Ligand SMILES: Nc1nc2c(c(=O)[nH]1)N[C@H]1C(S)=C(S)[C@@H](COP(=O)(O)OP(=O)(O)OC[C@H]3O[C@@H](n4cnc5c(=O)[nH]c(N)nc54)[C@H](O)[C@@H]3O)O[C@H]1N2
Ligand SMILES: Nc1nc2c(c(=O)[nH]1)N[C@H]1C(S)=C(S)[C@@H](COP(=O)(O)OP(=O)(O)OC[C@H]3O[C@@H](n4cnc5c(=O)[nH]c(N)nc54)[C@H](O)[C@@H]3O)O[C@H]1N2
Ligand code: SF4
Ligand SMILES: [Mo]
């Protein structure tokens, strides 16, 4: 028995753990620790541990499929490419849109946006970062001049105080959670603000079980308490920031007194004060956040509030400090870096800037989409549903909006208006089922490439086995399609390395990187502007990325969520994840060891409230919102705040997104996945 070990990077979350794929007879058969990767030092969470199980699932797509008379029939690549090219050529640029993928490599994302802009000439390119951290990209860029996580993962272990708000780190970024435990062991105080007593919250020295959607009020209250007691970092404020007076005008209002905030948030005033004091007095304090902050109609406001709090207390640009926006998907950071956003080319170079537009045209030797911002994912779906015929054709790579977007009836209505849909995935997903052509792609284990983790660390994927059947590598599919469309020169790449070299040429923050430098366990953190540069684990050490180098205090008023509970829908629904499953389940539900742990969805209801409603644990109940209804087993628990219910969104049979609201943050266009009004009822009693 011959086993070989191929070191690579975990394909699930943005932590970017290293692991070894175990290969026998040319097939991946297991996962083994890779101790030399500094991020996780050989440790893995269950998803990393079982990351081999979906790879050789019998459900993998192995051949292109073309829909004829409503049924998929197997086709050759030639047939598929010819059909797609003739259709793509028949539409105007503004009638087409592309979705790229936070699951695929940097090289593949770069090519997808190049394909959209250079071949289709459409500005409409986006991906699931819209549903995830678009508020971070917009909010932190406005305040700090850069929209990324400021410090490194290892650095979290050095904090003297860790404030976790809206992140269930232990379940959703377990190997970052481990660093919180390291900090705690070294004496750090841990504060967790979450409406649910999650495994992360159980770790807290101080737990703040507040209402979903009241984050701005909470942080304004904390800031008022800090300023009232003279605990702000005056030196940092004077040297590194501007507009402190503007912040004060808002946070010092009576609305944000401890007593009033306590009422808004539903937690004791003294706990808010303690949290504020611990953070302000700590030698270093890190703020970690994720979807509890970003997925709101006030997502950008929430993000700016976290930045305000960290600037006020001077916990930036130093070890153990920072605003750590925990990016979710393995390569969502990279997909954004590569320009799979409707307003920027790679490296966040604005499409509105005429010089940068010219730069890309020169680099790609062709005319490209005109320099205007295209539609976001959420806007694409709205345009499809509300003005049928305006968008006619879509090319979706590695996304499953039929489960992951808000208000699924609306999504389905929208996608069904498309005249032509191409989906490129590794499984026949709910979205692929609606496609006219399905292209079989390869997964992480079957290709070389790079991905960029939440801490801006660029790491390698290394090929461990051949793709199943006729499946092809995503970058190869895009190149072949580009060539069939007449763009020989622009898509003439023979390896992922050649693509990376083009990325480095046109992307200042990746300019100093190449495969030779990246091919080591620790990878490299961007910005890395020259080949001599060591990379940048901590941002904003001397100055911020704003034009004058100063961080900008941005006063924020508290606003309620788009849809508040009322008589008809008296509870607040919030949604999220569990440790065993991944998003729309395409991979984890095909992983027997993970599926066994949580094999269907549930709705968490506060135990006292459930008793009042006569609802028992595990009883199938109905959850109803203005968008739709689902039947879902109740999980009766003391670990959720009264008035709030929670559902994971992984499960098609009780899909949380049938219920969620398609209300968007006005700037980031992120949907309010974390708060809408809902009613739960016993099934027998329903009419
Ligand atoms: N196992 C697993 N891990 C994952 C994923 C997965 O699907 N499965 N997905 C990955 C991705 S893409 C992402 S983006 C991350 C997300 O990682 P997280 O953001 O940590 O995960 P969520 O469960 O969406 O939400 C986090 C917490 O926010 C709380 N919350 C709800 N409403 C509010 C609110 O209004 N304010 C605050 N402060 N908190 C609130 C919820 O109770 C929940 O505990 O996870 C990544 N990791
Ligand atoms: N209610 C609710 N909804 C949410 C959220 C929430 O908290 N609540 N969170 C949102 C967030 S943060 C996110 S990130 C989104 C995620 O939303 P999606 O990105 O739509 O979810 P995934 O299931 O990760 O879809 C990725 C797809 O890529 C495919 N894939 C994997 N590897 C490859 C590959 O190498 N090549 C190709 N071509 N395909 C591949 C998978 O099979 C899968 O179909 O969901 C959002 N939706
Ligand atoms: S923490 Fe994230 S990157 Fe690490 S093993 Fe788990 S899913 Fe993979
Ligand atoms: Mo995400």
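Key figures for this structure:
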quantity	calculated
Residue within the stretch 539-559 that is modelled with pLDDT of 95 or more, surrounded by fewer than 16 Cβ atoms within 10 Å (Cβ to Cβ) and under 26 Å from the mean Cα position of the chain (by Cα) present	yes
Residue within the stretch 562-574 that is out of contact with any helix residue (DSSP H, G or I) (no Cβ under 7 Å at 6 or more places or on another chain), crowded, with 17+ Cβ neighbours inside 10 Å, part of a helix (DSSP H, G or I) and not assigned by TED's automatic domain parsing to the domain that holds residue 425 present	no
Any chance residue 601 is farther than 28 Å from residue 46 by Cα, in contact with a helix residue (DSSP H, G or I) (Cβ under 8 Å, 6 or more places away or on another chain) and crowded, with 16+ Cβ neighbours inside 10 Å	no
Residue in the stretch 478-493 that is assigned by TED's automatic domain parsing to the domain that holds residue 88, under 30 Å from residue 539 (Cβ atoms) and outside any strand (DSSP E or B) present	no
Filter result (surrounded by 24 or more Cβ atoms within 10 Å (Cβ to Cβ) and in a loop (DSSP other than H, G, I, E, B)) within the stretch 129-156	132, 133, 148, 149, 150, 151, 152
Tally of residues being more than 16 Å from ligand 1 (Cβ to nearest atom) and either at pLDDT below 95 or touching a strand residue (DSSP E or B) at 6+ places or on another chain (Cβ under 8 Å) (or both) across the stretch 111-137	9
Of all residues making up the stretch 361-408, the number that are buried (at least 24 other Cβ atoms within 10 Å of the Cβ), over 18 Å from the mean Cα position of the chain (by Cα) and closer than 27 Å to residue 647 by Cα	4
Residue identified as part of a helix (DSSP H, G or I), touching a residue at least 12 places away in the same chain (Cβ under 8 Å) and surrounded by 18 or more Cβ atoms within 10 Å (Cβ to Cβ) among 47, 82	47
Any hit, the stretch 94-106, residues being loosely packed, with under 15 Cβ neighbours inside 10 Å, touching a residue at least 12 places away in the same chain (Cβ under 8 Å), more than 16 Å from ligand 2 (Cβ to nearest atom) and closer than 30 Å to residue 373 by Cβ	no
Unmet requirement for residue 518, which otherwise passes all of (1) closer than 29 Å to residue 213 by Cα; (2) touching a residue at least 24 places away in the same chain (Cβ under 8 Å); (3) away from ligand 3 (no atom under 16 Å from the Cβ); (4) surrounded by fewer than 23 Cβ atoms within 10 Å (Cβ to Cβ)	(1)
Subset tally (residues that are in contact with a strand residue (DSSP E or B) (Cβ under 8 Å, 6 or more places away or on another chain) and either within 16 Å of ligand 3 (Cβ to nearest atom) or part of a loop (DSSP other than H, G, I, E, B) (or both)) for the stretch 157-173	9
Tally, over the stretch 314-371, of residues that are under 25 Å from residue 155 (Cα atoms), more than 16 Å from ligand 4 (Cβ to nearest atom) and in contact with a helix residue (DSSP H, G or I) (Cβ under 6 Å, 6 or more places away or on another chain)	5
Whichever residue in the stretch 12-28 is part of a loop (DSSP other than H, G, I, E, B) and over 18 Å from residue 524 (Cα atoms) and, among such residues, is farthest from ligand 2 (Cβ to nearest atom)	25
Residue match in the stretch 29-36 (condition: more than 16 Å from ligand 2 (Cβ to nearest atom), touching a residue at least 60 places away in the same chain (Cβ under 8 Å), under 25 Å from residue 129 (Cβ atoms) and not in a helix (DSSP H, G or I))	no
Among the residues listed as 339, 334, the single one being within 16 Å of ligand 3 (Cβ to nearest atom), in the same structural domain as residue 417 (by TED's automatic domain parsing) and either under 30 Å from residue 241 (Cα atoms) or at pLDDT 95 or above (or both)	334
Single unsatisfied condition, residue 556 versus (1) assigned to a loop (DSSP other than H, G, I, E, B); (2) assigned by TED's automatic domain parsing to the domain that holds residue 114	(2)
Boolean, residue 440 is away from ligand 3 (no atom under 16 Å from the Cβ), outside any loop (DSSP other than H, G, I, E, B) and under 22 Å from residue 106 (Cβ atoms)	yes
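The values are calculated or read from the model by the stated rules, or taken from the named source; none is laboratory data. Predicted model, so just to flag it, every value in this text is computed and none were measured. Heads up, the Cβs are rebuilt from the backbone with ideal geometry, glycines too, and the neighbour counts pull from every protein chain shown.
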